[in-house]
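The values are calculated or read from the model by the stated rules, or taken from the named source; none is laboratory data. Remember, predicted model here, so these are calculated numbers, not experimental data. Positions of Cβ are generated from backbone atoms using ideal geometry, with glycine treated the same way; all protein chains shown enter the neighbour counts. The area values use the complete protein model at the heavy-atom level, side chains included, leaving out ligands, DNA and RNA. Shrake-Rupley method; radii C 1.70, N 1.55, O 1.52, S 1.80 Å.
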Amino acid sequence: MMSPTMIHAAERDRLLASYPDVFRRSFWQRWGLALCAGVTVLYLAVCFVAFNVGPAFMQGRWDRAAIYVQDWYSWRAQPRLRFVDGAVVPQWSSRRQYPEGADIDWLRPMADGGYSVIYDGEGNRLDVHPDRVDIFVDGASYPVAITAEGVEPPEGAPAGVVFDGTKVMVDYGFEGSAEIRGSQVYVQRRFLGWANFFFDIRSPFWGKSFGEIANLALLAERVDPDRSNVRHMVDDFLGNSAWQHADILSKLLQTLVMAFVGTLLGTLFALPLAFIAARNITLNRAANWGMKRLFDFLRSIDMLIWALFFTRGFGPGPIPGIAAIFFTDTGALGKVYAEALENVDDKQREGVKSVGASSLTVNRFGVLPQVLPVFVSQSLYFWESNTRSATIIGAVGAGGIGLKLLEAMGTNADWDKVAYMVVLILIVVFVFDGISNALRSRLIGKPMH
């Protein structure tokens, strides 16, 4: 009895003759995918060696990267406890988180003129005396003597206490750290959240709970007779000297204006130029070729390069950013528009032309209605994309929040402010993405998913 999987020789020959592409595949059809995968793996291996990826990862300062990440969602109080004339004098950084004379629960004065820095309960702390520093780790004390020559390292110190010859470094993990020198103790104390985000230490609303703030806003007497408490709160929030909300929000608005105006100008200039570039609209090969090469030139130069060029010419500000977006978008949109025009249905054009309409009227009623939804959809997409790009070109002097972001990164101490600006940018991108998707869905007649 013949197996169900067996077929007659005649049937086999018929199938081979009827479907040769299935049974007699070429070499590339059989092995093309495997060869492409092998070439890709080989290319990645060469890049791994050529770019020293392995050593770069091995030599990376991952501990520093972890600190930067922590700075995104936490804040550090950084007083310097200086040894001055037999006393310990606290000195705060310019971004002071506490007002003068504030009662700080983790920085407690002691009877001998020193201070106790509490990290994680009484067991992990520093007792900074005028002549020594007692390091407490899990309740055990390790004294460090302060001398005219510097510091004397403690004996039998645990792993978190290190002496490098000039200073003693103490690491308490997330709670903070300290550097003990002969002239001062540099303290870093870390807490979750963003310090003084709403009100700085100059505001009468500083340190108030949300309940107290609500009571002041709705029920309490005016703090300032010349304005309501709500107006006072808004002014203090925008005028926050540490977070600079007013400046950051104005720079964010400047970025949005750059993206909108640059995209709008690019759309307005690309639209008529695309009609010249389209071969079925303008029957002049030289004009078609020249216009398409102009589009290639404008879009081949990156937006960042255009921004650097115009910053040199106009100086820092939003004008170079608008010009950079305008030039790049004119080239990109012109190419997209021209390709859309070259694929229109000629029947509508012929119908309008048959009634004796002029070329302008033919393009207005026979061509533009076919491509207008595509044109607007592409412009909306570029507007959405330019909202992100405007942030990058702002970092090279083209204005907007990008420059503010670069300044905050440059200080290497304002990573919480960097996180704040990144969150604002993400919110704006999400909002504009939703608006753009909704408008495009209405234009092309498809439901939004």
> Rounded to the nearest 10 Å², what accessible area does W194 show when all protein chains are kept and the probe is 1.4 Å?
Replying inline: 80
> When only C-alpha pairs under 8 Å and at least 6 residues apart count, what is the relative contact order of region 323-410, in percent?
Replying inline: 21
> region 326-385 to region 392-407: how many Å between their Cα centroids?
Replying inline: 35
>> Just to confirm a number: summing +1 for Lys and Arg and -1 for Asp and Glu over residues other than P204 whose beta-carbon lies under 10 angstrom from that of P204, what do you get?
In response: 0
>> So with the 1.4 Å probe, I'd like the accessible area per residue for region 246-393, rounded to whole Å².
In response: 50
> Where is the GNM fluctuation largest for the chain (alpha-carbon springs, 10 angstrom cutoff): R202, R61, R108?
Replying inline: R61
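Please give the length that would be gained between E175 and V53 if that part of the chain were fully extended, namely 0.36 nm times their separation in residues minus their C-alpha to C-alpha distance (nm, one decimal). Working shown, then result.
Values: separation 122, 0.36 × 122 = 43.92 nm, distance 3.33 nm.
Additional length available on full extension: 40.6 nm.
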>> Whole-Hz ³J(HN,Hα) for each residue in region 333-344, computed from phi via Karplus 6.51 cos²θ - 1.76 cosθ + 1.60 with θ = phi - 60°, x for glycine and proline: what do you get?
In response: 5, x, 5, 5, 5, 4, 5, 5, 5, 6, 10, 6
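Which of rounded, prolate, oblate describes region 380-426, given a ≥ b ≥ c as roots of the alpha-carbon gyration tensor eigenvalues and a/c under 1.5 marking rounded, otherwise prolate only if a/b is larger than b/c? Before the final figure, lay out each step's value.
Values: a/c = 4.01, a/b = 1.72, b/c = 2.34.
Because a/c hits 1.5 or more and a/b fails to exceed b/c, region 380-426 counts as oblate.
Defining a contact as two alpha carbons under 8 Å apart and six or more residues distant in sequence, what relative contact order in percent does region 245-383 show?
Details: 155 pairs, mean separation 41.6, N = 139.
Computed over region 245-383, the figure is 30 percent.
Percent relative contact order of the chain, based on C-alpha pairs within less than 8 angstrom and at least six residues apart?
On the way: 578 pairs, mean separation 51.1, N = 449.
With pairs under 8 Å counted, the relative contact order is 11 percent.
Order C36, C47, most accessible first, counting only protein heavy atoms with a 1.4 angstrom probe.
Details: C36 80, C47 25 Å².
Solvent-accessible surface, decreasing: C36, C47.
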